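J.: This structure is in structure tokens; I'll ask about it shortly.
The values are calculated or read from the model by the stated rules, or taken from the named source; none is laboratory data. Every value quoted in this text rests on a predicted model; they were computed, and no experiment measured them. Glycine also receives a Cβ, built like all others from the backbone with ideal geometry; neighbour counts cover every protein chain displayed. The area values use the complete protein model at the heavy-atom level, side chains included, leaving out ligands, DNA and RNA. Shrake-Rupley method; radii C 1.70, N 1.55, O 1.52, S 1.80 Å.
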Amino acid sequence: MGNVEVMRRGDVQLTSAGTGIRHSEKTHGTAPVHFLQIWSVPSTRGLSPSYYHRHFTDDQKRQGWVPVVGKIGDEGVTDVREGEGPTPVHTPLWLYATLLAPGKTLEHKLSMSKSYLHVVQTSGYNTEKSTGNRIMVNGGLELAEGDGACVTTTGDAGEIVRIENIGEGEAEVLLFDLE
């Protein structure tokens with residue numbers, strides 16, 4: 001497809017392999033790279049290969065949950081390579097990101113039946129147990145940087161997931177709202 005991209009903080013790159021692509025990655029420079037690579041299975045087989053890029057600033061994420069990936073065809077999701085809004089995906093999921101200040105709480109009303117939370121490790125690359133930021137989920141479960149958890153519900157859309165930053169620094173959190 002000929003895509004070459006240098007990724008920066010806040011970037012989302014989505015590649016749909018579809019009927020097949022060749023792909024490679026390398027670091028730019030000698031410093032260790034820390035990023036998340038997330039895979040999902042498309043709802044439709046045999047899609048044409050596609051590539052999308054979006055950028056979301058820290059300031060946007062400090063204002064609440066920012067939809068960074070959304071189900072293609074849903075309202076506000078455009079099938080444009082370098083468009084605005086959520087990055088389109090051919091999977092029934094929405095991915096939200098936030099940067100939550102210490103002591104602050106944020107809620108999300110689920111639109112689908114399952115959810116997964118992940119606390120991004122922002123304290124820097126290390127191979128040891130994280131000692132960075134922590135959140136509390138629904139008033140009980142504590143998660144530290146690098147941790148993730150499925151949030152169990154009754155299976156009904158419309159339930160609330162509540163996170164509170166109980167750490168000393170700003171916590172970066174991803175919330176997957178999926179079927």
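J.: Quick check: is even one residue across region 133-149 open to solvent by 40 Å² or more (accessible area, probe 1.4 Å), modelled with pLDDT of 95 or more and not in a strand (DSSP E or B)?
T.: Scanning region 133-149, I find no residue that is open to solvent by 40 Å² or more (accessible area, probe 1.4 Å), modelled with pLDDT of 95 or more and not in a strand (DSSP E or B), so the answer is no.
J.: Given the structure, is Ile166 open to solvent by less than 70 Å² (accessible area, probe 1.4 Å) and not basic (Lys, Arg)?
T.: On the way: open to solvent by less than 70 Å² (accessible area, probe 1.4 Å): yes; not basic (Lys, Arg): yes.
It is true that Ile166 is open to solvent by less than 70 Å² (accessible area, probe 1.4 Å) and not basic (Lys, Arg).
J.: Okay, next question. Could you give me the residue pairs with C-beta distances under 9 Å whose first residue belongs to region 44-71 and is without any contact (Cβ under 8 Å) to a residue 60 or more places away in the chain, whose second residue is surrounded by fewer than 20 Cβ atoms within 10 Å (Cβ to Cβ) and in a helix (DSSP H, G or I) wherever it lies, and which are 6+ apart or on separate chains?
T.: Sorted first by the residue in region 44-71, then by its partner, the pairs are Val66/Gln60.
J.: With (1) more than 24 Å from Gly10 (Cα to Cα); (2) surrounded by 13 or more Cβ atoms within 10 Å (Cβ to Cβ) as the list, and Asp177 as the residue in question, which single condition is left unmet?
T.: Asp177 satisfies all of (1) more than 24 Å from Gly10 (Cα to Cα); (2) surrounded by 13 or more Cβ atoms within 10 Å (Cβ to Cβ) except (1).
J.: Out of region 109-129, which residues are more than 17 Å from Glu142 (Cα to Cα) and either open to solvent by less than 20 Å² (accessible area, probe 1.4 Å) or among the aliphatic types (A, V, I, L, M) (or both)?
T.: Of everything in region 109-129, those that are more than 17 Å from Glu142 (Cα to Cα) and either open to solvent by less than 20 Å² (accessible area, probe 1.4 Å) or among the aliphatic types (A, V, I, L, M) (or both) turn out to be Leu110, Met112.
J.: Please return the ranges of strands (runs of 3 or more DSSP E) entirely within region 1-106 where 2 or more residues are β-branched (Val, Ile, Thr), open to solvent by less than 70 Å² (accessible area, probe 1.4 Å) and modelled with pLDDT of 95 or more.
T.: Answer list for region 1-106: 66-71.
J.: Has region 122-129 got at least one residue that is touching a strand residue (DSSP E or B) at 6+ places or on another chain (Cβ under 9 Å) and farther than 27 Å from Glu159 by Cα?
T.: Yes: one or more hits.
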